[in-house]
Every structure is written in structure tokens, then in C-alpha cells.
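Okay, structure first, notes after.
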Amino acid sequence: MIDAKEAVRIAMEAMGELYGGEQIPQLMLEEVELSKDERFWHVTLSFTRRSQMSAIEAMTGQPGVPVYKVLAIEAESGQVHSMKVRQL
């Protein structure tokens, strides 16, 4: 069984692969949790998606829109099973 640290490493690597190797700005770990049945690690990552700068972004200095993704990593094998958008 992989541990939380390994699940996070796998999730971050998978993000780069799923986005075709493009540079993902400000990729950060937000949450990591083992499912109740201990079959999956759910790893939440965030990054900033560049957009045309809105008036609010210009006033606040925010460089873009934050995006949150949850990756389900199988705890036994470390295989990535899904990636979903996390709604706040």
C-alpha cells in the first residue's frame, strides 16, 4: 500500500501528463485523504488558470482563476483512476 506522500507525488506527476506536459502554474497540494474503505487516496490539487484579466483580478492583483482537481489514486497499486473538478 502506498502512503499519503507517495499518493501526492503520483497525483502531481499525473497532472503534468494529463495536461500534455504543459507548465502548470502554481500547482499546490490542498488536501489528501484515504477513503473510508481504504481503497483510494483522494488528492486535491490546485493551480491558477490564466484568463483574460478581469477588472476584479486587476484590482486585487490575482493572476488568474484558481482551479481545484481531485485525483483518485488506488492505494494498493498507485494507479490513477480519475480526475474531477472540485466545486467549492
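The values are calculated or read from the model by the stated rules, or taken from the named source; none is laboratory data. None of these values were measured; they are calculated from a predicted model. Reconstructed Cβ throughout: ideal geometry from the backbone, glycine too, with neighbour counts over all protein chains shown.
Here region 1-15 is the region considered, the condition is being closer than 14 Å to LYS69 by Cβ and either within 10 Å of the chain's Cα centre (by Cα) or charged (D, E, K, R) (or both), and the residue that is surrounded by the most Cβ atoms within 10 Å (Cβ to Cβ) is ALA11.
Residues that are assigned to a strand (DSSP E or B) and modelled with pLDDT under 95 were ranked within region 29-67; the one that is surrounded by the most Cβ atoms within 10 Å (Cβ to Cβ) is PHE47.
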